[in-house]
1. If you go through region A:124-142 one residue at a time, do you hit one that is in a helix (DSSP H, G or I), buried (at least 20 other Cβ atoms within 10 Å of the Cβ) and within 14 Å of chain B (Cβ to nearest Cβ)?
2. With the condition being within 11 Å of chain B (Cβ to nearest Cβ) and either more than 21 Å from residue A:196 (Cα to Cα) or touching a helix residue (DSSP H, G or I) at 6+ places or on another chain (Cβ under 8 Å) (or both), I'd like the strands (runs of 3 or more DSSP E) fully within region A:24-92 carrying at least 1 qualifying residues.
3. What helices (runs of 4 or more DSSP H), lying completely within region B:314-381, carry at least 3 residues that are closer than 18 Å to residue B:291 by Cβ and outside the structural domain of residue B:292 (by TED's automatic domain parsing)?
4. I'd like to verify a number: residues in region A:143-183 that are in a helix (DSSP H, G or I) and either assigned by TED's automatic domain parsing to the domain that holds residue A:71 or touching a strand residue (DSSP E or B) at 6+ places or on another chain (Cβ under 9 Å) (or both), how many?
5. Would it be correct to say that residue B:267 is closer than 18 Å to residue B:383 by Cβ and either exposed (fewer than 14 other Cβ atoms within 10 Å of the Cβ) or touching a residue at least 12 places away in the same chain (Cβ under 8 Å) (or both)?
6. Being under 26 Å from residue B:520 (Cβ atoms) and in a loop (DSSP other than H, G, I, E, B), is that true of even one residue in region B:567-585?
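The values are calculated or read from the model by the stated rules, or taken from the named source; none is laboratory data. Being a predicted model, the structure only gives us computed values, none of them experimental. Note: ideal-geometry Cβ built from the backbone for every residue, glycine included; neighbour counts use all protein chains shown.
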């Protein structure tokens with residue numbers, strides 16, 4: 001009996017000392033997503049990862065989607081985000097303008113660690129060169145993307161197109177890569193821009209797409225969507241999240257979630273990864289400090 | 001019975017299990033229906049949510065600008081919920097039409113998502129944006145319409161299924177009720193059946209037990225089956241029969257004992273040898289129940305064991321001259337170790353024993369008869385009824401044989417006693433005769449002596465007169481002669497009186513008065529004497545007696561008493577009723593009577609009064625009292641007087657009342 005009381009007391013003591021620790025960890029992280037593709041698909045794609053992270057770290061990870069690439073810079077502080085999966089340009093802008101640090105980035109299914117942009121037209125459009133594009137409708141993705149705007153812009157410039165308004169009958173921003181593809185496919189635009197990972201993803205689901213479209217140009221390698229976290233987050237949390245993500249390919253559950261993200265695994269990311277973005281900005285004569293990333 | 005009860009219980013258990021099974025099946029069916037109903041309701045809720053979500057999204061579509069901000073998350077959530085709802089619906093089993101509709105809905109949703117996403121993310125000139133918005137809204141409307149259409153179908157389905165489920169519940173309720181009633185009915189029948197099956201044998205058993213208790217031993221019951229009750233009934237029957245058997249055995253034993261008692265009693269009642277033999281053979285035949293009984297006794301004269309008469313089951317002529325050589329019998333006696341023997345018809349000895357009439361012999365027992373340890377004969381019992389002789393019979397017969405021997409001994413003793421008695425009687429008679437002769441001789445001598453005295457005087461004075469001349473002397477002598485003659489005459493007269501048999505003249509006599517008369521008579525002569533008379537009379541009844549004769553007795557007794565008190569004294573006369581008699585006591589305080597005198601006072605001519613008595617007073621009194629069936633006795637008190645006690649019966653037994 002006495003032994004039982006002693007054990008019970010000890011147990012209660014342990015529980016009472018444990019409780020504040022768990023409470024301290026019981027916080028929330030709000031992670032933003034850019035509308036890389038259909039916002040519904042995008043959020044569905046990342047949900048399992050958020051759940052996995054919550055489970056493994058004990059921190060509730062919530063996701064929020066942004067309707068514009070550029071919004072992520074404006075709204076990061078406004079919305080009180082703790083981190084976000086940034087694209088090539090948004091990542092660079094964030095590093096520049098926000099107090100964040102890159103944590104991890106995915107390794108694509110083909111093993112590559114970078115992505116690149118395509119300029120696409122419909123096969124039956126007869127467009128083969130930039131010259132063929134005159135008077136056509138162009139669908140960019142967003143101003144705050146290299147693959148969906150800066151690269152096509154530099155490409156067109158290198159092919160003598162200085163004023164987009166004069167050269168194209170209309171150009172607009174679809175906001176997401178797949179929308180740009182669908183706009184071309186549906187005839188709402190003649191020329192589209194798309195990141196190779198999204199393109200491959202669409203083709204894998206509907207192979208006819210590949211035969212319907214023609215790739216006119218291919219951009220240099222750009223960093224894939226990189227998870228960046230606020231620098232002022234507690235170190236242990238950042239470390240824990242990084243650890244979980246870097247090792248998730250070592251278990252079945254993690255591997256399944258990675259498959260949904262069309263990734264093999266995560267690798268550590270660094271500011272260095274965004275060098276190509278700066279180069280591209282230079283090409284188009286823009287400066288990251290002054291670049292007008294907002295779409296008007 | 002245990003098996004039956006187990007079977008019944010098993011049956012009830014099975015019935016319960018059956019009804020339980022029915023109930024569970026029914027319940028699971030109802031639950032399934034209810035589940036499906038709940039699912040339908042859930043679907044309905046999903047659909048409603050879907051519609052609400054859709055409407056919200058549609059509303060958002062028109063009210064909010066393209067920079068959705070945090071509202072975008074809400075839209076995304078709504079659309080995703082919508083998508084999930086449709087996916088859920090498509091995942092279920094549906095009719096082909098519904099499945100087709102759902103697939104279409106799904107396709108529309110995908111399109112809607114596409115259009116919505118494009119509308120939300122696209123940045124273009126207002127016309128394009130407006131076009132995108134219109135397209136999205138259009139798809140949304142179509143989605144709504146489709147959903148509403150489906151709502152109708154699900155509603156119909158819901159109604160139909162609800163109705164079906166309710167009907168099923170009702171039916172199940174009926175089935176449950178029916179099965180419950182059925183089980184109750186069956187259980188009741190089983191209970192009644194079981195109870196009656198248990199009670200019937202118990203009732204029969206208790207009735208039978210009452211029968212047996214009331215004395216009907218051997219009463220059995222017909223109940224028989226393989227149950228415990230059947231076993232109990234069998235045991236009961238066995239018990240009843242064994243009780244009966246035991247009772248019969250006891251009764252038989254009792255009868256034998258009473259027979260033995262009767263026989264023993266008879267043995268001691270009869271003294272005749274032949275009667276004893278008759279009692280023996282008939283008694284044995286009755287007690288042991290045998291067809292034939294014979295007795296053989298050793299005849300010393302013939303030196304043979306000859307049959308005694310009578311024999312049971314034989315005529316006298318049958319057994320006449322039936323006898324055995326002593327050597328043969330003695331041999332048999334010794335061979336049997338001097339014990340009674342049971343002989344079977346096939347034994348060689350049977351033929352030797354029954355050289356005549358040995359037909360139909362089933363069994364035979366020989367019981368030795370002994371007197372003072374010496375073989376005097378034997379008893380032969382033949383053909384016991386129904387069964388063989390057993391040790392019990394032999395024991396009983398041995399007891400009878402012993403009793404017989406004692407009875408024979410007694411008879412012999414009685415006979416010799418009788419002879420002795422006769423001899424004694426003869427001797428006594430001779431003695432009495434001699435005494436009588438002696439008495440007569442003595443009497444004659446006494447008479448001669450008594451008469452001789454006056455005669456001697458008379459003769460002497462007559463002789464004297466011859467020589468006397470003087471007339472005066474002669475006259476004096478003549479007077480003496482006369483007086484002596486008168487004395488002689490008195491003696492003769494009294495003698496005559498004694499020998500004479502006066503009949504009693506019986507009348508009612510008051511003893512007290514009679515005594516008073518006597519006392520009055522004598523008291524005249526006592527005037528000068530110093531004798532005091534005490535009359536101690538009690539109230540006594542009148543008695544039947546001869547007053548004159550009694551007066552003579554008491555006069556005699558009182559005179560004797562007075563005469564014994566020459567120097568005076570007290571004369572007491574007492575009367576008292578004792579039982580059916582009256583007692584009269586006459587006591588004096590005179591000289592009394594000596595022992596040797598007391599024995600003779602009632603003998604004739606015995607007297608202590610030399611001159612005055614004749615010695616006939618008391619003998620005459622004695623005779624009178626005897627005739628009155630009374631008693632007279634003397635209580636001698638030497639030197640203290642004498643008491644005579646007379647006891648007279650109030651009534652005389654023999655009618656001596658003379659006319």
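1. The answer is no, given that none of the residues of region A:124-142 is in a helix (DSSP H, G or I), buried (at least 20 other Cβ atoms within 10 Å of the Cβ) and within 14 Å of chain B (Cβ to nearest Cβ).
2. Values: elements: A:28-33, A:60-65, A:83-86.
Strands (runs of 3 or more DSSP E) meeting the threshold: A:28-33, A:60-65.
3. Qualifying helices (runs of 4 or more DSSP H): none found.
4. Kept after step one, since they are in a helix (DSSP H, G or I), are these residues of region A:143-183: A:146-158, A:164-167, A:177-183.
Pick out the ones that are also either assigned by TED's automatic domain parsing to the domain that holds residue A:71 or touching a strand residue (DSSP E or B) at 6+ places or on another chain (Cβ under 9 Å) (or both) and you get A:146-153, A:155-156, A:164-165, A:167, A:177-183.
Qualifying residue count for the region: 20.
5. Values: closer than 18 Å to residue B:383 by Cβ: no; either exposed (fewer than 14 other Cβ atoms within 10 Å of the Cβ) or touching a residue at least 12 places away in the same chain (Cβ under 8 Å) (or both): yes.
For residue B:267, the condition - closer than 18 Å to residue B:383 by Cβ and either exposed (fewer than 14 other Cβ atoms within 10 Å of the Cβ) or touching a residue at least 12 places away in the same chain (Cβ under 8 Å) (or both) - is not met.
6. Looking through region B:567-585, at least one residue is under 26 Å from residue B:520 (Cβ atoms) and in a loop (DSSP other than H, G, I, E, B).
This table checks each residue for (1) under 21 Å from residue B:633 (Cβ atoms); (2) in contact (Cβ under 8 Å) with a residue 24 or more places away in the chain.
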site: B:473; (1), (2): no, no
site: B:479; (1), (2): no, no
site: B:505; (1), (2): no, yes
site: B:532; (1), (2): no, yes
site: B:549; (1), (2): yes, yes
site: B:553; (1), (2): yes, yes
site: B:559; (1), (2): yes, yes
site: B:587; (1), (2): yes, yes
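Results for (1) at pLDDT 75 or above; (2) touching a strand residue (DSSP E or B) at 6+ places or on another chain (Cβ under 8 Å); (3) surrounded by 13 or more Cβ atoms within 10 Å (Cβ to Cβ), shown as yes or no for each residue.
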residue	(1), (2), (3)
B:30	yes, no, yes
B:33	yes, no, yes
B:41	yes, no, yes
B:50	no, no, yes
B:53	no, no, yes
B:63	no, no, no
B:66	no, yes, yes
